[in-house]
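> Here you go, one structure.
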Amino acid sequence: MTKVVTETMVRVEDVHKSYGEGAAAVHALRGVSFEIPRGELVALKGRSGSGKTTLLNIVGGLDQPDRGRVTVDGSDLSDLGEEGLLALRRDRIGFVFQSFGLIPILTAAENVGVPMRLRRADPREREQRVELLLSLVGLGEHAAQRPGEMSGGQQQRVAIARALANEPALLIADEPTGQLDAETGHAVMELLRAVVHSENVTALVATHDATLLDLADRVLELRDGEIVEADAGA
């Protein structure tokens, strides 16, 4: 399938998702629709259970909606099939999670290089990209350290660098500051904002921390599975 390049990176149209059946069904998403232009940092806020993670998983091709349509970087996810979704997640989407997800026995540099190893990138290209990304997130001097030797903020910076390894078009972050103190969390959010511009990516970041919302270009709120407002950021 030929990818169509548009000015819209993410388009979500009337997406529904439920778990369970009948009276016991949980309606995680109820007709969600929105668009994210290329190059924007969008914050997704909402209480626990509001559907944020479900929505991120659907946009990232990790889950499928019961109804509705999702287009990412010009591709309709429903048309891709399992192999196409795998390629999308590997080559065009970077994921950052609350739990960091680093491999404990690998150094920071080795963790960042894992996605490029999976797509069999040239070793010299991989080394140069890893060095660039660690420098970008302020950890150029920590390349040889393992996760257990780093602070939570440093580990999350490594995770962000790893998410950028394959030069994704879209960065999806699920509560990336959830395990960090307020000052470190603010620094990580500022870093995400900086890499959106320096790496020319689009970002969708779920957060429950209201103090971070002013760093986003736009804010979407999920309440009981529905988008209830959209605010401009700072």
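The values are calculated or read from the model by the stated rules, or taken from the named source; none is laboratory data. A quick note: this is a predicted structure, and the numbers were derived from the prediction, not measured. Methodologically, a virtual Cβ is constructed for each residue, glycine included, from the backbone with ideal geometry; neighbour enumeration extends over all protein chains shown.
> Scan the range 41-56 and report the pairs whose first residue is touching a residue at least 40 places away in the same chain (Cβ under 8 Å) and in a helix (DSSP H, G or I) and whose second residue is among the β-branched types (Val, Ile, Thr) and crowded, with 22+ Cβ neighbours inside 10 Å, with Cβ atoms within less than 6 Å and a gap of 6+ or a chain change.
What qualifies is Leu56/Ile172.
> Would you pick out the residues in the range 166-190 that are more than 23 Å from Ser50 (Cα to Cα) and either among the basic types (Lys, Arg) or touching an Asp or Glu at 6+ places or on another chain (Cβ under 7 Å) (or both)?
Asn166, Ala169 - these are the residues of the range 166-190 that are more than 23 Å from Ser50 (Cα to Cα) and either among the basic types (Lys, Arg) or touching an Asp or Glu at 6+ places or on another chain (Cβ under 7 Å) (or both).
> Among the residues of the range 29-38, is any in a loop (DSSP other than H, G, I, E, B) and either at pLDDT 95 or above or closer than 21 Å to Val205 by Cα (or both)?
Looking through the range 29-38, at least one residue is in a loop (DSSP other than H, G, I, E, B) and either at pLDDT 95 or above or closer than 21 Å to Val205 by Cα (or both).
> Does the range 84-133 hold any residues that are closer than 25 Å to Gly152 by Cβ, modelled with pLDDT under 90 and either part of a loop (DSSP other than H, G, I, E, B) or out of contact with any helix residue (DSSP H, G or I) (no Cβ under 8 Å at 6 or more places or on another chain) (or both), and which are they?
Answer for the range 84-133, where residues must be closer than 25 Å to Gly152 by Cβ, modelled with pLDDT under 90 and either part of a loop (DSSP other than H, G, I, E, B) or out of contact with any helix residue (DSSP H, G or I) (no Cβ under 8 Å at 6 or more places or on another chain) (or both): Gln98, Ser99, Phe100, Gly101.
> Which is buried (at least 16 other Cβ atoms within 10 Å of the Cβ), of a type in the set (Asp, Glu) and either closer than 18 Å to Glu199 by Cβ or free of Cβ contacts under 8 Å to residues at least 40 places away in the same chain (or both), of Glu131, Glu125, Glu110?
Selected residue: Glu110, the only one of Glu131, Glu125, Glu110 that is buried (at least 16 other Cβ atoms within 10 Å of the Cβ), of a type in the set (Asp, Glu) and either closer than 18 Å to Glu199 by Cβ or free of Cβ contacts under 8 Å to residues at least 40 places away in the same chain (or both).
> A further question follows. In the range 168-175, is there at least one residue being buried (at least 21 other Cβ atoms within 10 Å of the Cβ), under 17 Å from Val96 (Cα atoms) and over 16 Å from the mean Cα position of the chain (by Cα)?
Checking the range 168-175: not a single residue is buried (at least 21 other Cβ atoms within 10 Å of the Cβ), under 17 Å from Val96 (Cα atoms) and over 16 Å from the mean Cα position of the chain (by Cα).
> Quickly run through the range 9-25 and pick out the residues that are out of contact with any helix residue (DSSP H, G or I) (no Cβ under 9 Å at 6 or more places or on another chain), surrounded by fewer than 15 Cβ atoms within 10 Å (Cβ to Cβ) and modelled with pLDDT under 95.
The answer is Gly20, Glu21, Gly22, Ala23, Ala24, Ala25.
> Among the residues of the range 139-157, is any without any contact (Cβ under 8 Å) to a residue 12 or more places away in the chain, closer than 16 Å to Leu62 by Cα and surrounded by fewer than 14 Cβ atoms within 10 Å (Cβ to Cβ)?
No: zero hits.
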